[in-house]
Amino acid sequence: MTVRFSSMSAIEILDSRSRPTLRVQGTLPDGRTVRAGVPSGASTGAREAVELRDHDVSRYSGQGVQQAVAHVNGPIAEALTGRSFSSLDQVDDTLRALDGTANKSRLGANAIVGASIAAAQAFALEAEQSLWRWLTPDGVIPRLPVPHFNVVNGGMHAANELDFQEFMIAPIGAPSLPEAIRAGVEVYQRLRALLAERGFETGLGDEGGFAPEIARPEDVLALLVQAIEDAGYTTGRDGVAIALDPASSEFHRDGRYLVGGESLSSEDMIDRYAEMIDKFPVWSIEDGLGETDTAGWQKLTQTLGERVQLVGDDNFVTNPGLIAEAVAAGIGNAALIKVNQVGTVSETLEALRVCRESRYAAMISHRSGETDDTFIADLAVGSGCGQLKSGAPARGERVAKYNRLLEIAASGPAHPFGLAD
Ligand code: 2PG
Ligand code: MG
């Protein structure tokens, strides 16, 4: 089976934060089309593949992506059209060779990832398979993931005084995906009422979660527990658990962590997390320490790695080599997976393979700037990793991914639901 594009092109569209991004479209010789909307992060890791922006301050405050669009319409289209590809690796290798840099900074990871996602869809079409099926590696059982709903936003994703970026609710104990989604919505609605009753604002952050003026993470956790119980669910892994993404690289300065007006050492942070785990049903912590705090991460993993999932995001950047290094160094026990962070679908699949072989868990993730593209929902199912975070159960670009999961669940075959074994 081969894929041949008769054309490939891109246009500048808007993401959910009103910043320009790309939509890439490929056409197959029989006229069928594939499309990809490119996401964009705010709390980015230093070693992420580079998103190309125009830096022309007379347009969109320099955020335009006309150069990246031109790279798709020019060199990328030229390299990908009129020739047959026998694998996605071959397409992605071509894109990487064309770019020629280690971090995709010449053509732009935003241009490259759009072309790569479109190509993956083209292979699924040619194979007459659902995208999730085509993305399932040999020997992996597809699985409907536990949705991680980001219901309180802080950090770079909101203008409030909360330093921790994400407070997620994870209905791990739900009997099925539709019931997990229902639990997420019922807790989210209950949380809105609770915030209003207590006099907090119920305005939303970038990922659709509430952005109340609360400084202490523990105060948010207490509210979440209340909302889960009020909605009629049990807290914890048998019911609805909590996952955190403090995104602590963003408040890590000169070796200290500046949280809620306090200045903490790595050890203080680890103690603080240990107390949170004792007191609240926290099951997963992503970027608990900063991306450069390697010794801190090792200590964190030794201290809490048996009790909770410790997810690397800013430090791993979906890079298979960096994840393998982290495994060898005893850092974390799970990786966050974002396609645009590494820049191609095949490198993302490779990162997932490293996780499986190292017995690291994996969580597929959206970015804070999103489009209505639902590729990550199919990737979450096909990878069998059992976890997806795509923001709150609100706002179209977030809900699009959860709705795609519901569609996959309803369309059969019956998939297992829940965390991977
Ligand atoms: C994260 C992501 C997604 P951003 O830190 O995990 O929630 O945020 O896309 O801003 O990097
Ligand atoms: Mg993160």
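If you go through segment 205-254 and keep only what is open to solvent by 10 Å² or more (accessible area, probe 1.4 Å), more than 19 Å from P147 (Cα to Cα) and within 16 Å of ligand 1 (Cβ to nearest atom), you end up with A211, S249, E250, F251, H252.
Scanning segment 25-45 for residues that are surrounded by fewer than 18 Cβ atoms within 10 Å (Cβ to Cβ) and under 28 Å from D314 (Cα atoms) yields R35, A42. Here P175 meets the list (1) part of a loop (DSSP other than H, G, I, E, B); (2) within 27 Å of D313 (Cα to Cα) almost entirely, failing just condition (2).
Comparison of L336, L405 shows that the only residue that is open to solvent by less than 10 Å² (accessible area, probe 1.4 Å), under 28 Å from L204 (Cα atoms), within 16 Å of ligand 2 (Cβ to nearest atom) and not polar (S, T, N, Q) is L336.
Residues that are acidic (D, E) and away from ligand 2 (no atom under 16 Å from the Cβ) were ranked within segment 138-182; the one that is most open to solvent (accessible area, probe 1.4 Å) is D138. The set of residues in segment 353-376 being touching a residue at least 60 places away in the same chain (Cβ under 8 Å) and in contact with a helix residue (DSSP H, G or I) (Cβ under 7 Å, 6 or more places away or on another chain) consists of I364, H366, R367, S368, E370, T371, D372, F375. Once segment 386-396 is narrowed to residues that are over 13 Å from the mean Cα position of the chain (by Cα) and crowded, with 22+ Cβ neighbours inside 10 Å, the residue that is farthest from G154 (Cα to Cα) is G386.
Only residues that are within 16 Å of ligand 1 (Cβ to nearest atom) and open to solvent by less than 30 Å² (accessible area, probe 1.4 Å) were counted in segment 46-65, giving 3. Going by what's in this entry, would S266 be described as over 22 Å from I364 (Cα atoms) and of a type outside the set (A, V, I, L, M, F, W, C)? So S266 passes the test.
Here L95 fulfils each of the conditions (1) without any contact (Cβ under 8 Å) to a residue 60 or more places away in the chain; (2) closer than 18 Å to N319 by Cα apart from (1). Among the residues of segment 255-264, just one is open to solvent by 60 Å² or more (accessible area, probe 1.4 Å) and within 25 Å of the chain's Cα centre (by Cα), namely L258.
Sub-6 Å Cβ pairs linking a first residue in segment 27-40 that is assigned to a strand (DSSP E or B) to a second residue that is open to solvent by 50 Å² or more (accessible area, probe 1.4 Å), at least 6 apart or interchain, are T27/S6; T27/T33; T33/Q25; R35/Q25; G37/R23, ordered by first then second residue.
Looking across segment 5-24 at every residue that is open to solvent by less than 10 Å² (accessible area, probe 1.4 Å) and β-branched (V, I, T), the one that is nearest to ligand 1 (Cβ to nearest atom) is identified as T21.
The values are calculated or read from the model by the stated rules, or taken from the named source; none is laboratory data. Since the model is a prediction, treat every value here as computed from it, not as a measurement. All Cβ positions, even for glycine, are placed from backbone atoms using ideal geometry, and neighbour counts span all protein chains on display. Protein only, heavy atoms only, side chains kept; ligands, DNA and RNA dropped before computing areas. Shrake-Rupley method; radii C 1.70, N 1.55, O 1.52, S 1.80 Å.
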